[in-house]
Structure formats: C-alpha cells, structure tokens
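Asks: Could you have a look at this structure, given as structure tokens, before my questions?
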Amino acid sequence: MQEMDRISLLPDCLIHQVLSFLETKESVRTTVLSKRWIDIWKSVPYLELIESEFKQAETFINFTNSILLHKLQLETFILKWLDCDETSHEIINNWISKLVSLKPNYVEIELCLPNLENLDFLSTLFNCASIETLDLWPAIHEGWASLNPTVVNLPNLKYLQLYCLNLNDEFLQKILSGCPILEELTIENCFLNLTYQKIRSLSLKKLTMRYNEFSEGARLRIWIPGLVELEIEFHLGRVLFYNLESIERASVTLLDTENDYDGKNFKVLKGLLNAKTIELSSLLPLNTMFEKELLNLPVFEKLEILDFSGGYINKDLQPLISFLKLTPNVEKLFLRHVTIEKEYVFEGPRVDEIQCEKLKSVEIVCWKGYDGANKLIKYLLTYLQNIEDIKITHIDGDRIQEYVDASS
C-alpha cells in the first residue's frame, strides 16, 4: 500500500514556513516531489543566494539567473558574493533591476569586488519604494568605492546599514532627504569624505557610526531631536552634538591618543544631558578628556548608569568626582579596562559634596598588575555609604584572572 504524502496536504502557508528553513537551492529542488510542488517554491517570500555554496561561480550565476526569471512573491532578498571578478558588476546590475520589480521589503547585499571607482550599478536600489530594510556591504579589494545615485527615493525605508563606502556630503544629504521615515542608520568601515555636514533628521531613533575614517578637515554635526540611542566613534573636534532631546543611551568612543590631543576644550557631553545611560571610552586619561568641559555643565538629571572604559584613573580623581557631582540620580557606576596604579594615594577633593544617594552598585574591571582598584573603592566608600554592591575584576588580556567582591 502506497504511503500517503501528508506534507503535500498541508496548507500553502505551512509549506512556505517549512521551505523557509531550507537554502534557496534546496527549496527549488522540491519541485521533483510532485506536481503540486512544481510552483510552490516561487511563493516562498525568502530568497538567499550565496555564491560560496556553489562549486563554481558560473553555476551560481546560471542558478540566480534562472531563479529571477520567475515571478516571485518576494519579501526578503539576500545576496552574498565574495569572489567577484571584473564582469560581476554587470551581472549584479541585471539582477538588481529584476529585484526592484519584485518589490522586496528586506534587501541585504554583501559583495567583495575588484577595485572600482564607483558602484553605480547599485544605484537602482535607492529608487525601490518597497524596501523597508537595506543592508549594503560592497567591499572592494583596496580602499573605498563611491556610490552616488542620482535619486534616493525610499519612502518606506526604516533601517539602513552602509559598510565600506566612500560617503560624501551629497550622498549623505540625499539619504537623509530621500528616506523620510528612516529610524535606524548604521555607517561602519566607511570613509567619510565630508566638509561640514549636518546629520539632521526628525525620524531617526538610532544612529551607529563605528570603525570609520574621516577625511582631513571633515566635520560632522548631529542634529536629531528624536534620537533615542547613539553609538559613535570619532576624534575630538570631528563631531558635535545638537538637540539630542530624546537621547536615552549614548556610547561615545574617542579615538585620540595623548599625541593627538592638542589641549582644546571640545564639547562632547553637553549634547548628552538627557541621557539615562552614558558610556564613554578613550585611551586618554579621564581628566584630559573632560576636565574643562565639566566645569560649565548643568546637572545630568536623568542619568542612571555611568560607564567609563579605557584610560587612566588619575590620583586626584578628576573628573570622576566632578562628573558624579553632576549626576544626583546615578544608580550604577562602571569603570572598565581602566589603569589604576597601585602606588597611587588618592589626593583628590573630598567627595562629601556628591549627592549620589541612589548609587548602589560600582563595578571596576582593571588590568592585572594595576592594583589601585581597592584603594579607589575604599576612598569612595568613605563618602558614598549607600553603595551595596561592589565588584572588582582583574583581567590579563581577554582572560579573567581574579574576581573580588569588595562589599564583603
């Protein structure tokens, strides 16, 4: 007696869900199962094309060409081709033209290309009104390639991630004006060839800028009143913050070394006054980073978590004490990967002026061999007696060497 094909009896929506767990080429192979399966893969909303899963590039190209000939019901399109040659951009251009006609919601493209001056073959993507999420990673072998579409018209785009691009003023401005409901913008590993550009948006909620390189003289002003979360790396003086009225979490990494710093008073903290969490990372001593700016700042009324990472804790405890004086509602203090010399005798100002009655938790992560953490804790406990939980972790490279609960 022939066994019943129970899977084929399932409704299309369940079969689509089953096929979504398969690689695209495996999903296409289900056409041999029965007549019902011949066309059902075409209505699977997920299409992932990865060149490394094919033995030869030619096979991958032919397979993708054949797939895109069909009238697909597409929501998600993912293309990964990390071994492109001199002709690949022409092939990809044809694929993208077809893709736009399929009206996808989510597009992710990761390429590794020979050296090209521009990536105009990707420009069609920026006129695809259906896209809600665009993740674009077009790396070239050396440096960065430019992308400057004539028009950016992405009325439904909410999430944009750009990697490995040469971004100039014109392109950045087109992005900001052509994506009216953009909520999250990520710019990573890019060359920011900017003059005095302003990132101004009424829709952005999250901005991430990491591992980028600025052109000489580049300046960036961030004016985003609705921004909730900010993660950014830059050299002092390159970036200024304005009107971050809704900011809740700010993570700022300063890339300067002591050789880079010229002693000027750059305003970094003033734009973060409304944040609930502030994470500050630098190789510079804490007093070098913020001592001058802290003299003229109002109180951080909403700040609950203060996190310093990197740098030196100076024996006069400035600006740590100055910062705590401005944070009456802080609940948690983190000092991560800091250098605290064990021979330090903290001679700083009395901290009895600090009104951190809500500060309950202090955690210090410091390099093994720099054992001044215990002295710092005892100094703070002399005046901040509401602290309940104190932890010290000593690390050697990436390995945790010692854990001490100082509260005992």
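Asks: Kindly provide the set of residues from the stretch 64-88 that are open to solvent by 10 Å² or more (accessible area, probe 1.4 Å), closer than 30 Å to Glu142 by Cβ and assigned to a helix (DSSP H, G or I), ordered by number.
Replies: Asn65
Asks: Determine if the stretch 110-131 includes at least one residue that is within 29 Å of Ser246 (Cβ to Cβ), open to solvent by 20 Å² or more (accessible area, probe 1.4 Å) and among the β-branched types (Val, Ile, Thr).
Replies: No.
Asks: Out of all the residues in the stretch 252-275, is one or more at pLDDT 90 or above, more than 18 Å from the chain's Cα centre (by Cα), open to solvent by 70 Å² or more (accessible area, probe 1.4 Å) and among the basic types (Lys, Arg)?
Replies: So far as the stretch 252-275 goes, no, none of its residues is at pLDDT 90 or above, more than 18 Å from the chain's Cα centre (by Cα), open to solvent by 70 Å² or more (accessible area, probe 1.4 Å) and among the basic types (Lys, Arg).
Asks: Ok, one more. Out of the stretch 151-194, which residues are free of Cβ contacts under 8 Å to residues at least 40 places away in the same chain, part of a loop (DSSP other than H, G, I, E, B) and surrounded by 16 or more Cβ atoms within 10 Å (Cβ to Cβ)?
Replies: Scanning the stretch 151-194 gives Val152, Leu154, Leu157, Lys158, Cys164, Cys179, Leu182, Glu183, Leu194.
Asks: Could you tell me which numbered condition Phe290 fails, if it satisfies all but one of (1) at pLDDT below 90; (2) among the aromatic types (Phe, Trp, Tyr); (3) open to solvent by 20 Å² or more (accessible area, probe 1.4 Å); (4) under 20 Å from Ser309 (Cα atoms)?
Replies: Tallying (1) at pLDDT below 90; (2) among the aromatic types (Phe, Trp, Tyr); (3) open to solvent by 20 Å² or more (accessible area, probe 1.4 Å); (4) under 20 Å from Ser309 (Cα atoms), Phe290 fails exactly one: (3).
Asks: Identify, by number, the condition in (1) under 22 Å from Ile96 (Cβ atoms); (2) open to solvent by 20 Å² or more (accessible area, probe 1.4 Å); (3) in a strand (DSSP E or B) that Leu136 doesn't meet.
Replies: (2)
Asks: Also, I was wondering about something else. Taking Tyr211 as the residue in question, decide whether it is free of Cβ contacts under 8 Å to residues at least 40 places away in the same chain and at positive phi. Explain how you work it out, then say what you get.
Replies: On the way: free of Cβ contacts under 8 Å to residues at least 40 places away in the same chain: yes; at positive phi: yes.
For Tyr211, the condition - free of Cβ contacts under 8 Å to residues at least 40 places away in the same chain and at positive phi - is met.
Asks: While we're on this one: Here is a check on your reading of the model: is Asn166 of a type in the set (S, T, N, Q) and at pLDDT 95 or above?
Replies: Numbers: of a type in the set (S, T, N, Q): yes; at pLDDT 95 or above: no.
No.
The values are calculated or read from the model by the stated rules, or taken from the named source; none is laboratory data. Just so it is clear, the model here is predicted, and its values are computed rather than measured. Positions of Cβ are backbone-derived with ideal geometry, glycine not excepted, and every protein chain shown enters the neighbour counts. Surface accessibility is based on the protein's heavy atoms, side chains included, excluding ligands, DNA and RNA. Shrake-Rupley method; radii C 1.70, N 1.55, O 1.52, S 1.80 Å.
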